[in-house]
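Down below is the structure, laid out as structure tokens.
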Amino acid sequence: MCDVRPFCGLRYNLQQITDPSTVVTPPYDVISPEERSIYYHISPYNIIRLEFGEERPEDSPGNNKYTRAAAALNDWQRSGVLIREKRPAFYIIEHRFPYHDADRSRWGLIARVRLEEFDGGHIHPHEKTNKEPAVDRLHLLRACHANISPVMGLVRTEQGEMAGILRETGNRPPDMSAADNYGVRYNLWTADDEKVIDRVAALLAVRDICIADGHHRYETALRYRKERQADNPTQNGDEPYNFVMMSLMDSQDPGLVMLPTHRLVHGVEPQKIALLEEAISPYFAVEELLPPPSPAIHDTVQEWLRILERHGREGIALGMFGRHGGKLCILRLRKDADLRRLMSEEELRLWKDLDVVLLQRIVMQTALGIRTLDEETRHLDYNRDAVEVKSRVDSGKYQLAFLLNPAPVARIMDTAAAGKRLPQKSTYFYPKTPAGLVLNPLWD
């Protein structure tokens, strides 16, 4: 059973912060250095100072971005910029955002969730991660003793029951509302009514959670818990460090949007690139698309994505750019492709129709020899902007690009429930839950 609880969160004092849009940011892992600088200048109380502080040439063990984050957190509490909730509460969040020329709404629940190890528990990762960012998050957690931004989790329901409850609760004006530069508005409600809390907690207690985003933050919380438990042998199990702040979403919410993350290849031996299509020919048929009618790069790429989506509805389809001049090639899985040489029976059951896995197993590992996480770090980059992907190949910086369709949410959850992990950067749930709506203190 998952232990999902309300908590007394830290929130911005709206009597001092009259425009919450000036203090929230995306999670650290999607913020560029240029964007970080912008957030620094928007407001002296922007959450960027805690979530993703600047590094300075004079930094030392006693004065660095982590110690500055801790100092800012303490200062903001003393000055009343951040105030503590008086009663334990769930925090209900609505993400309102434009998508495909229409407005969408997605609902989530920010709560404390009891930490569990991945083996044999009810909380499951779904993709591999690079370990380095977890070190950064651990330093921040040790310094601040608080969760600054939530881990995103998915809860499987039959008919969207969780999203339905959250919509019912959010039927009054929000307690806080903020917007970002991408047209996304975040509405937040504080839910401290015991009947609502009991209803939500009971629904979630009998369901597993799939980590959709924030694997590094979750793994960091596990390590931090272990450290604190070692320092406190008489603990009772309900200490705040035994929990992590999560933003839980309903897998059946119609506003749940997942975007693909495209692959860029560089530094691979030219001979492997030259022999790529021969190497993948037992598995993929290669179809070269005619040049698009429009010379505009944005229009070209959008047409490519529409074609890729159409082919994807019929079966596995990958887009490859960089081998045939300015043309896109569609890689379509052959009906007679024997995938048993590449996957176990369980993997075939889970992944035979997942583009991102077949790209990794057939193209990256078998044809290009990119097999380990270290090799992926040396030869692969990831980008969600297909226009930018094309531009980087056109510039000569990258040898190849592979465009993907998004993976089905149900298949992601099946993978997690089976204890398997997809390649890193397999998913991108949009929009992310921002940092700054509520913080989870771990010191009481």
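The values are calculated or read from the model by the stated rules, or taken from the named source; none is laboratory data. Every value quoted in this text rests on a predicted model; they were computed, and no experiment measured them. Here the Cβ positions follow ideal geometry from the backbone for every residue, glycine too, while neighbour counts run over all protein chains shown. Keep in mind that these areas ignore ligands, DNA and RNA; they rest on the heavy atoms of the full protein, side chains included. Shrake-Rupley method; radii C 1.70, N 1.55, O 1.52, S 1.80 Å.
Mind telling me which of Pro408, Pro61, Pro423 comes out most flexible in a GNM of the chain, alpha-carbon contacts under 10 Å?
Pro61
Using a 1.4 Å probe over the heavy atoms of the protein chains, calculate the carbon and sulfur portion of the accessible area of the chain as a whole percent. Could you put the intermediate results ahead of the total?
Numbers: 9780 of 20010 Å².
Heavy-atom surface of the chain belonging to carbon and sulfur, 1.4 Å probe: 49 percent.
Which far-off residues, 5 or more places away or on another chain, put their amide H under 5 Å from the one on Leu82, with H placed in the peptide plane?
Asn13, Gln77
With viscosity set to 0.692 mPa s and temperature to 37 °C, compute the Stokes-Einstein D of the stretch 258-311, Rh being the Kirkwood radius across alpha carbon pairs; µm²/s, no decimals. Spell out each step's value before the answer.
On the way: Rh = 13.9 Å.
The diffusion coefficient I find is 236 µm²/s.
In nm, to one decimal, how far is the Asp231 label point from the Leu290 one, both placed 7 Å along Cα→Cβ?
Distance between the two pseudo-spin positions: 6.8 nm.
Express the C-alpha Rg of the stretch 51-114 as a ratio against the empirical globular expectation 2.2 N^0.38 Å, rounded to two decimals.
Values: Rg = 18.2 Å, N = 64, 2.2 N^0.38 = 10.7 Å.
In units of the 2.2 N^0.38 Å rule of thumb, it is 1.70.
Over the stretch 1-135, what is the mean sequence separation of C-alpha contacts under 8 Å (at least six apart), divided by residue count, expressed as relative contact order in percent? List each step's numbers first, then the result.
Details: 145 pairs, mean separation 41.9, N = 135.
Relative contact order for the stretch 1-135 comes out at 31 percent.
Report, to two decimal places, the Cα Rg of the chain normalised by 2.2 N^0.38 Å (N = number of residues).
Working: Rg = 22.9 Å, N = 444, 2.2 N^0.38 = 22.3 Å.
Rounded to two decimals, the normalised Rg is 1.03.
From zero up to wherever the largest Cα-Cα distance of the stretch 49-160 sits, split into 10 Å bins and tell me the percent of pairs in each.
Distribution as computed: 10, 28, 33, 24, 5, 0 percent.
Looking at the stretch 15-95, what % of the alpha carbon pairs are farther apart than 14 Å? Intermediate values should be presented prior to the final figure.
Working: 2233 of 3240 pairs.
Value for the stretch 15-95: 69 percent of Cα pairs lie more than 14 Å apart.
What full-extension length gain, to one decimal in nm, is calculated for Glu54 and Met343 as 0.36 nm per residue of separation minus the Cα-Cα distance? Before the final figure, lay out the partial values.
Details: separation 289, 0.36 × 289 = 104.04 nm, distance 4.37 nm.
Working it through step by step, the gained length comes to 99.7 nm.
Taking a 19 Å limit on the Cα-Cα distance, which of the listed pairs Lys128/Lys425; Lys128/Lys420; Lys327/Lys390; Lys352/Lys390; Lys327/Lys397; Lys128/Lys335 fall beyond it? Before the final figure, lay out each step's value.
On the way: Lys128/Lys425 8 Å; Lys128/Lys420 9 Å; Lys327/Lys390 10 Å; Lys352/Lys390 27 Å; Lys327/Lys397 17 Å; Lys128/Lys335 29 Å.
Flagged as over cut-off: Lys352/Lys390; Lys128/Lys335.
Where does the charge balance sit around Asp59 when Lys and Arg score +1, Asp and Glu -1, over other residues with C-beta under 10 Å from its C-beta? Can you show the working numbers first?
On the way: positive: Arg56, Lys65, Arg68; negative: Glu54, Glu55, Glu58.
That sum, taken over residues with Cβ under 10 Å, equals 0.
First check a/c for the stretch 337-432, with a ≥ b ≥ c the square roots of the eigenvalues of its C-alpha gyration tensor; if it is under 1.5, answer rounded, and if not, answer prolate when a/b is larger than b/c or oblate otherwise. Walk me through the numbers before you get to the answer.
Numbers: a/c = 2.09, a/b = 1.37, b/c = 1.52.
Note, shape of the stretch 337-432 comes out oblate.
Expressed as an acute angle from 0 to 90° and rounded to the nearest 10, what is the orientation of the C-alpha long axis of helix 65-78 relative to the principal long axis of the chain?
For 65-78 against the chain, the angle is about 40 degrees.
Is it possible to state the helix-based mean residue ellipticity at 222 nm for the chain, with each DSSP H run of 4+ residues giving -39500 (n - 2.57), the sum divided by total residues, to the nearest 500 deg cm²/dmol? What is it?
Working: 15 runs with 141 residues, N = 444.
Computed ellipticity for the chain at 222 nm equals -9000 deg cm²/dmol.
For the chain, take the longest principal axis of its alpha carbons; what is the angle in degrees between that and the long axis of helix 132-144, to the nearest 10 within 0 to 90?
Roughly 10 degrees, rounded to the nearest 10.
Given 0.36 nm per residue, what is the gain on full extension from Asp198 to Lys335 after removing their alpha carbon distance, in nm?
Residue separation times 0.36 nm, minus the Cα-Cα distance, leaves 44.3 nm.
Give me the accessible area per residue for the chain, probe 1.4 Å, as a whole number in Å².
Details: 20010 Å² over 444 residues.
Accessible area per residue: 45 Å².
When only C-alpha pairs under 8 Å and at least 6 residues apart count, what is the relative contact order of the chain, in percent?
Values: 801 pairs, mean separation 111.8, N = 444.
Across the chain, relative contact order equals 25 percent.
Determine which lysines satisfy two conditions relative to Lys86: a Cα distance under 18 Å, and not lying fewer than 8 residues away in the same chain.
Once the sequence-local lysines are set aside, what remains near Lys86 is Lys195.
In degrees, nearest 10, range 0 to 90: what is the angle between the Cα axis of helix 297-312 and the longest Cα principal axis of the chain?
80
Can you return the aspartates and glutamates within cross-link range of Lys226? Criterion is Cα-Cα under 16 Å, with same-chain partners fewer than 8 residues away left out.
Within reach: Glu116, Glu117, Asp119, Asp238, Glu239.
When only alpha-carbon atoms count, how far does the stretch 1-61 stretch along each of its three principal axes, as whole angstroms with the largest first?
Ordered largest first, the stretch 1-61 gives principal extents of 46, 33, 24 Å.
Which of the GluC sites (Glu not before Pro) across the stretch 293-375 are loop residues per DSSP, with 10 or fewer other Cβ within 10 Å? All intermediate terms of the calculation are to be shown ahead of the outcome.
Numbers: sites: Glu303, Glu309, Glu314, Glu345, Glu346, Glu347, Glu375; in loops: Glu314.
Loop-located and lightly packed - Glu314.
Take the stretch 119-256, drop everything but the C-alpha atoms, weight them equally and run the Debye formula without solvent; then report log10 I(q)/I(0) at 0.13 Å⁻¹ to two decimals.
Summing over Cα pairs of the stretch 119-256 leads to -0.72.
In whole Hz, what ³J(HN,Hα) sequence does the stretch 182-198 give by Karplus (6.51, -1.76, 1.60; θ = phi - 60°), x for Gly and Pro?
Here the 3J(HN,Hα) series is 9, x, 9, 10, 10, 9, 10, 10, 8, 10, 10, 6, 4, 5, 5, 4, 5 Hz.
Between Glu277 and Asp385, 0.36 nm times their residue separation minus their Cα-Cα distance comes to what? Don't skip to the answer; put the middle values down first.
On the way: separation 108, 0.36 × 108 = 38.88 nm, distance 2.50 nm.
Full-extension gain reported as 36.4 nm.
Where does the longest stretch of the chain lie that holds no trypsin sites (Lys or Arg not before Pro) found in a DSSP loop with 11 or fewer other Cβ atoms within 10 Å? It would help to have the intermediate numbers written out before the result.
On the way: sites that count: Lys86, Lys131, Arg313, Lys335, Lys397.
Result, exposed sites excluded: 132-312.
Once amide H atoms are placed 1.01 Å from N in the peptide plane, what residues at a sequence separation of 5 or more from Asp175, or on another chain, have their amide H within under 5 Å of its amide H?
Residues meeting the amide H criterion: Leu188, Trp189, Thr190.
Over the stretch 301-400, what is the mean sequence separation of C-alpha contacts under 8 Å (at least six apart), divided by residue count, expressed as relative contact order in percent?
Values: 65 pairs, mean separation 26.2, N = 100.
Across the stretch 301-400, relative contact order equals 26 percent.
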